[in-house]
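Heads up, the thing below is written out as structure tokens.
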Amino acid sequence: MVYTVTLNPALDRTLFVDTLALGESSRIRREARYAGGKGVDVSRALVEMDVPTVALGLVGGFDGKEFEGRLLNEGVACDFTRISGEIRTNIVIHGDEGLETALLARGPEVQPVELMNFMDHLEGVNGSGFLVVSGSLPPGLTPAVYGRILSIGRDKGLTTVLDASGEALRTGIRARPDVIKPNRSELAELAGTEPAGPPGILRFCRTIQEEVATILVSLGADGILLVQSGRGLLARPPQVEVKSTVGAGDCAVAGFIAGLARDESPADCLRRAVAAGTAATLTPGTGICCREDIARLLPDITLEEVTA
Ligand SMILES: Nc1ncnc2c1ncn2[C@@H]1O[C@H](COP(=O)(O)OP(=O)(O)OP(=O)(O)O)[C@@H](O)[C@H]1O
Ligand SMILES: [Mg+2]
């Protein structure tokens with residue numbers, strides 16, 4: 001089982017308008033709603049890859065009910081902890097010529113009691129497999145929470161995966177997750193400088209290898225560099241016509257875990273991660289990869305050893 005944790009999920013609303021100008025009114029021609037959030041996206045991608053998953057996290061309010069209903073409708077099993085605050089709504093305004101403007105909400109203030117309800121719930125999880133912690137923290141919670149969640153997962157014998165940025169990533173690493181997946185800029189922030197190319201990234205990753213055994217550095221169109229036991233392996237996707245990169249990182253995480261869940265070799269897990277991430281770029285909008293694209297891309301992912 002793959003448990004995903006999304007502490008700051010969102011009900012995403014995309015509004016389609018002809019024109020948008022500040023200070024002027026526009027008619028909404030169509031509206032689409034989605035359940036959003038990074039952990040939730042990992043679960044949606046895992047469902048597409050036939051890997052059993054349960055989405056955990058914090059959710060509240062009437063929109064929170066809609067959020068869970070939408071996930072269930074997509075075949076994602078939910079086990080969220082209810083909070084009193086309303087789930088946030090992110091608004092994407094899709095204008096003419098495909099231009100998109102996003103208004104991102106911070107999320108509801110989470111009360112300490114609600115956090116403890118979630119922790120108690122997590123302590124009660126009874127299964128083997130993986131625990132994936134992804135995305136931003138809502139107001140009221142600090143990065144220390146990620147450290148605690150990862151420790152609970154590790155104590156349960158789950159393989160722990162952290163996909164976060166900034167202080168949440170830095171603090172989370174101290175809890176020794178099994179896997180992290182920073183992208184280029186998240187890694188640069190962690191390193192305090194922009195590492196020079198894959199060799200530079202490998203050199204930096206070696207300095208945190210004692211805390212994290214498996215490091216996946218995603219490099220957008222350049223693929224993913226896997227660092228394990230101080231060795232670097234770079235997987236590159238073929239060139240594709242990108243429709244939207246939203247959710248690419250989440251699908252890459254899901255692809256890697258899907259490989260691990262099938263006992264594939266590290267190189268094959270890496271190839272699956274890149275195939276799933278790149279597949280996500282072929283899907284416009286919500287950004288979840290589809291299985292046909294993953295299968296088609298897999299044979300075209302190239303692997304090369306990286307030396308520092
Ligand atoms: N332009 C692209 N062309 C081909 N593949 C891409 C492109 N952008 C992303 N990908 C695929 O998606 C994977 C993850 O992308 P990226 O490094 O952008 O993650 P991220 O920044 O964490 O994304 P997210 O915004 O979802 O958090 C890449 O390793 C690659 O396989
Ligand atoms: Mg990311």
Given (1) more than 30 Å from ARG29 (Cβ to Cβ); (2) surrounded by 22 or more Cβ atoms within 10 Å (Cβ to Cβ), ARG44 misses just (1)
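This table checks each residue for (1) closer than 17 Å to PHE16 by Cα; (2) in contact with a helix residue (DSSP H, G or I) (Cβ under 9 Å, 6 or more places away or on another chain).
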residue: GLY60; (1), (2): no, yes
residue: ASN73; (1), (2): no, no
residue: PHE80; (1), (2): no, yes
residue: GLU100; (1), (2): yes, no
residue: LEU104; (1), (2): yes, no
residue: PRO108; (1), (2): no, yes
Picked from the stretch 278-298 (must be open to solvent by less than 10 Å² (accessible area, probe 1.4 Å), assigned to a helix (DSSP H, G or I) and of a type in the set (Gly, Ala, Ser)), the residue nearest to ligand 2 (Cβ to nearest atom) is ALA280
If ASP155 passes every condition in (1) in contact (Cβ under 8 Å) with a residue 40 or more places away in the chain; (2) away from ligand 2 (no atom under 14 Å from the Cβ); (3) open to solvent by 40 Å² or more (accessible area, probe 1.4 Å); (4) not assigned by the TED database to the domain that holds VAL253 but one, which one does it miss?
-> (1)
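What are the residues in the stretch 160-210 that are of a type in the set (Ser, Thr, Tyr), in the same structural domain as ASP222 (by the TED database) and either surrounded by 23 or more Cβ atoms within 10 Å (Cβ to Cβ) or away from ligand 2 (no atom under 16 Å from the Cβ) (or both), if any?
THR193, THR207
Give the stretch 170-222 a look and list any residue that's hydroxyl-bearing (Ser, Thr, Tyr), within 18 Å of the chain's Cα centre (by Cα) and more than 10 Å from ligand 1 (Cβ to nearest atom), or say none.
Matches in the stretch 170-222: THR171, THR214.
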Some residue of the stretch 281-294 being under 20 Å from the mean Cα position of the chain (by Cα) and of a type in the set (Asp, Glu) = yes
Taking the condition in a loop (DSSP other than H, G, I, E, B) and over 28 Å from PRO52 (Cβ atoms), does THR142 pass?
-> yes
Tell me, which residue of the stretch 50-78 that is among the hydrophobic types (A, V, I, L, M, F, W, C) and more than 18 Å from the chain's Cα centre (by Cα) is most open to solvent (accessible area, probe 1.4 Å)?
-> PHE62
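The values are calculated or read from the model by the stated rules, or taken from the named source; none is laboratory data. Not measured: the values here are computed from a predicted model. Every residue, glycine as well, gets a Cβ built from its backbone with ideal geometry; the counts of neighbours run over all protein chains shown. Only protein heavy atoms, including side chains, enter the accessible area calculation; ligands, DNA and RNA are left aside. Shrake-Rupley method; radii C 1.70, N 1.55, O 1.52, S 1.80 Å.
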